[in-house]
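Worksheet for the structure shown next.
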Amino acid sequence: MKIFYTKVRLRIPESVREYAVSVMLDIGFEGFQEEDDAMEAWIRSDRYSADVRKGLEDWLGSQPDECRILEEETVAERNWNEEWEKTIQPMQIGPFFIHPTWADESPPKYTIPIAIDPKMAFGTGYHETTRLMLRLIPDFVRKGDTLLDMGAGTGVLGIAALKMGAGRAVGIDIDPWSYDNALENAKINGLAERLEIRIGSVDQLKPDEQFNLILANINRNILLDLGDALVEKLATGGNLLLSGIVEGDEEVIFAHPAYRSLEKCSMLQENEWLGIGLSRIIGSRSAEIT
């Protein structure tokens, strides 16, 4: 029997899209595709009940005014991954050469190859926030670092840091698809023994865990919610890299007491997106961030 899906096209600002995906996964959506000014989400039509639609509408109503449903369409089941794969091309970002396993292109000389098969999870390198993090990582990772990748997605950031010399990594994501995909990508890159993936949020961190490097490519609201927990888990002398922040929101981030206790070391920008590097300097007091 042919399965039908409802494709819902939504107006969602980029700054809250990862949060939107987590909400829609919880209510039954299964696949997502980003556009410049919108995103598409798929759910089996037999699961798209009035209650599910109302839940989506209620969440959209609690978000910025521009969040809304643009259109809905019923479509027959297709091989979503095959169609998605056609859009993924190799790219060089800083010292890294990100490529899917099916690409024929050879890595340029002196680059660090990272094979990523995205399977619809966020973190392909095509988004500015991922590229910013990949450009920051080489300046902050140190040989043997223990690493936390909060919002791991495809696992690309943790894999990049491990290939730069980090010792071991923990990746955490609320998305079950990301869990499976990050594990697969760690295996593809020969890092399955060094990259541990957990489903959930900061509740998955053990009381005694500390990390030399923490990566958090999420969004402003979640970064504010998790600020205390992330900084608490940052070892003395460690580094915290943040992205998912749009220009103008850095003042809100820097006003957070936990982030203010760290020293700002770096800030990169691509279009409206920012990547920020913070450090817990040994023996320093709370740093005044300007």
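No value in this document is a laboratory result; all are computed from the given coordinates. Note that this is a predicted model, so its numbers are computed, not measured. Quick reminder, even Gly has a Cβ in these numbers, built from the backbone with ideal geometry, and neighbours come from all protein chains shown.
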Starting from the Cα of Lys54, draw a straight line to each of the lysines and keep only those under 23 Å, dropping any in the same chain fewer than 8 residues away.
-> Lys7
Go through 171-177, 223-229 and give me the packing order, highest mean Cβ count within 10 Å leading.
-> 171-177, 223-229
Of all DSSP beta bridges having both residues in the chain, the percent classed as antiparallel (nearest 5) is 60 percent
If you take the beta carbon distance between Glu71 and Gln210 as r and set R0 to 45 Å, what does 1/(1 + (r/R0)^6) give as a FRET efficiency, to the nearest 0.05?
-> 0.40
Taking a point 7 angstrom from the Cα of Arg168 along the C-beta vector, which residues in the range 125-156 have backbone N less than 18 Å away?
-> 142-150
Output the pairs from Lys163/Lys264; Lys109/Lys163; Lys163/Lys187; Lys206/Lys233 with a Cα-Cα distance over 19 Å in this structure; if there are none, say none.
-> Lys163/Lys264
Applying the Karplus parametrisation 6.51 cos²θ - 1.76 cosθ + 1.60 with θ = phi - 60° to the phi angles of the range 162-169, what ³J(HN,Hα) value in whole Hz is obtained for each residue in order, glycine and proline being reported as x?
-> 5, 5, 8, x, 4, x, 8, 9
Which of the peptides 66-76, 154-164 is most tightly packed, and how do the rest follow, going by the mean number of other Cβ atoms within 10 Å of each residue?
-> 154-164, 66-76
Order of Lys187, Lys2 - criterion: other Cβ atoms within 10 Å of each residue's Cβ, fewest first | Lys2, Lys187
Could you give the angle, 0 to 90 degrees to the nearest 10, between helix 128-140's Cα long axis and the longest principal axis of the Cα atoms of the chain?
-> 20 degrees
All other residues with a Cβ under 13 Å from the Cβ of Leu148 taken together, and with Lys, Arg as +1 and Asp, Glu as -1, what is their net charge?
-> -2
Tabulate in residue order the Karplus-calculated ³J(HN,Hα) for the range 41-51, using 6.51 cos²θ - 1.76 cosθ + 1.60 with θ = phi - 60°, rounded to whole Hz; enter x for Gly and Pro.
-> 9, 10, 8, 4, 4, 6, 9, 8, 7, 4, 5
Provide the per-residue ³J(HN,Hα) series for the range 204-210, in order, calculated from phi with Karplus coefficients 6.51, -1.76, 1.60 and θ = phi - 60°, each as a whole number of Hz, with x at glycine and proline positions.
-> 8, 7, 7, x, 9, 6, 9
